[in-house]
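Structure first, commentary second.
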Amino acid sequence: MDSAHVDDVPTRYAEFAEFEVRGRTPVYLAWARGIAEDPATCELIGSLPRIKRQPALVFASARHAGAPETEDYPVFREFVHDHWTQIERIALTHSTQTNEAKRCAVLLPFLSLLPGPLSLVEMGASAGLCLYPDRYAYRYALDGGSTHELRPAGSDTAAPAAGTPVLDCALRDGVPRPRSLPVVVHRGGVDLAPIDPAHADSRAWLRSLIWPGQQSERVPRLDAALDIAATDPPHIIAGDLVEKLEASVAACPAGSTPVVFHTAVLGYLEPPARAEFVRRVTDLCRDAGAVWISVEGVSLLPDIAAQVPESIRRHKGIFVVAVNGRPLATAHGHGDWVRALDMP
């Protein structure tokens with residue numbers, strides 16, 4: 001085995017522990033730290049294609065295979081080595097399609113500024129749960145302790161309708177407060193393997209992607225969002241998001257504003273593919289009147305990262321919200337908070 005296949009594994013898992021899961025899930029923290037110091041397990045993971053060695057994918061695959069959710073790393077390690085053939089098969093046939101509807105709470109302040117009606121086009125759409133920002137209720141915590149709430153059309157004034165997910169998010173430091181939900185006339189996008197929101201096995205995989213310790217909050221939200229998507233399925237094209245980008249935008253109806261967006265997706269592309277995507281989406285913004293909203297890791301897109309203060313770029317776990325390539329805010333990767341950037 002090429003040593004380069006293994007050499008990056010300890011670093012990836014150590015950084016995952018430090019910047020993504022510390023303080024959020026003790027189980028994954030123990031697993032990631034253990035693997036970073038475990039050459040034999042690093043070698044197993046290093047046998048996977050580079051794009052399949054992501055901690056979130058390997059951990060979800062292990063849990064999908066039945067790994068116990070324990071902070072005792074030796075117990076987890078034994079399970080991984082005993083069941084590696086099954087874990088490997090799951091990792092090779094599945095993707096990290098974490099479909100967190102709560103990310104809509106980060107997108108909404110920026111969607112609400114656009115001229116409607118909107119045609120939403122999500123790259124790496126999974127089951128498309130972020131294509132329904134108008135179907136969810138929102139409870140924003142504001143600076144000073146007050147809250148700002150929004151509900152879908154037809155909801156009772158006192159509470160959202162039964163089955164409507166309520167997305168809680170802290171709105172910080174000057175992020176525009178959304179006054180209404182968008183009018184959405186098209187929900188589409190691209191995914192290598194679109195997920196049918198009504199398919200039981202697919203729903204089970206999405207549950208496996210929810211981090212240990214977060215199931216009590218996120219599983220009910222996931223199930224409710226999947227039920228919404230199953231009753232009004234999005235138009236997701238199967239294929240590579242770079243190659244299918246133009247076709248996905250061409251499907252938007254005339255008279256609407258096409259909004260190409262993605263959240264925590266481009267990290268799964270190699271750098272040349274990311275650069276090609278940025279070139280193509282920039283052309284669509286110029287030639288087709290599309291709007292591009294990216295919510296990605298702070299250092300992932302070099303042209304955007306170069307506009308962000310160095311003090312923020314040092315925090316690898318932070319995400320940046322950019323509109324048409326201009327960074328406007330930082331955000332939590334799963335939608336817990338969004339904070340305005342003080343840009344010149």
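In table form, for the structure just shown:
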{"read-out": "Dipole magnitude of the chain about its Cα centre (Cβ charges: Lys, Arg +1; Asp, Glu -1), debye to nearest 20", "value": "780 debye"}
{"read-out": "Calculated Rg and Dmax of the chain using C-alpha coordinates, Å", "value": "19.8, 62"}
{"read-out": "Region 250-319: C-alpha gyration tensor shape, a/c 1.5 cut-off, then a/b vs b/c", "value": "prolate"}
{"read-out": "Reachable lysines, given that their alpha-carbon falls under 18 Å from the alpha-carbon of residue 316 and they are not under 8 places away in the same chain", "value": "none"}
{"read-out": "Burial order of peptide ranges 64-74, 26-36 (average beta-carbon count within 10 Å, highest first)", "value": "26-36, 64-74"}
{"read-out": "Percent antiparallel among DSSP beta bridges (both partners in region 71-184, rounded to 5)", "value": "35 percent"}
{"read-out": "0 to 90° range, to nearest 10: angle between helix 26-36 axis and the chain longest Cα axis", "value": "50 degrees"}
{"read-out": "Summed residue charge, Cβ within 12 Å of residue 67's Cβ, Lys/Arg positive, Asp/Glu negative", "value": "-2"}
{"read-out": "Value in Å of the Kirkwood radius, where region 1-133 supplies the Cα pairs that are averaged", "value": "16.4 Å"}
{"read-out": "Segment residue 85-residue 313, length gained on full extension (0.36 nm per residue, minus Cα span)", "value": "78.3 nm"}
{"read-out": "Relative frequency of Cα-Cα separations exceeding 14 Å in region 199-242, percent", "value": "58 percent"}
{"read-out": "Calculated [θ] (222 nm, deg cm²/dmol) that DSSP helices of n ≥ 4 give over the chain, each run adding -39,500 (n - 2.57)", "value": "-10500 deg cm²/dmol"}
{"read-out": "Percent antiparallel among DSSP beta bridges (both partners in the chain, rounded to 5)", "value": "35 percent"}
{"read-out": "Heavy atoms of residue 319 accessible to a 1.4 Å probe, total area in Å² rounded to 10", "value": "40 Å²"}
{"read-out": "Reciprocal of mean inverse Cα separation for region 60-214 (Kirkwood radius, Å)", "value": "17.9 Å"}
{"read-out": "Cα gyration tensor, region 5-67 - rounded (a/c under 1.5), prolate or oblate", "value": "oblate"}
{"read-out": "Share, in percent, of DSSP beta bridges within region 232-344 that are antiparallel, nearest 5", "value": "70 percent"}
{"read-out": "Most to least accessible of 303, 173, 134 (protein chains only, probe 1.4 Å)", "value": "303, 173, 134"}
{"read-out": "Qualifying trypsin sites (Lys or Arg not before Pro) for region 263-327 [loop in DSSP, other Cβ within 10 Å: at most 16]", "value": "314, 316"}
{"read-out": "Rounded tilt (10° steps) of 215-231 against the dominant C-alpha axis of the chain", "value": "50 degrees"}
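The values are calculated or read from the model by the stated rules, or taken from the named source; none is laboratory data. Not measured: the values here are computed from a predicted model. Quick reminder, even Gly has a Cβ in these numbers, built from the backbone with ideal geometry, and neighbours come from all protein chains shown. Please note that ligands, DNA and RNA were not included when accessible areas were found on the heavy atoms of the full protein model with its side chains. Shrake-Rupley method; radii C 1.70, N 1.55, O 1.52, S 1.80 Å.
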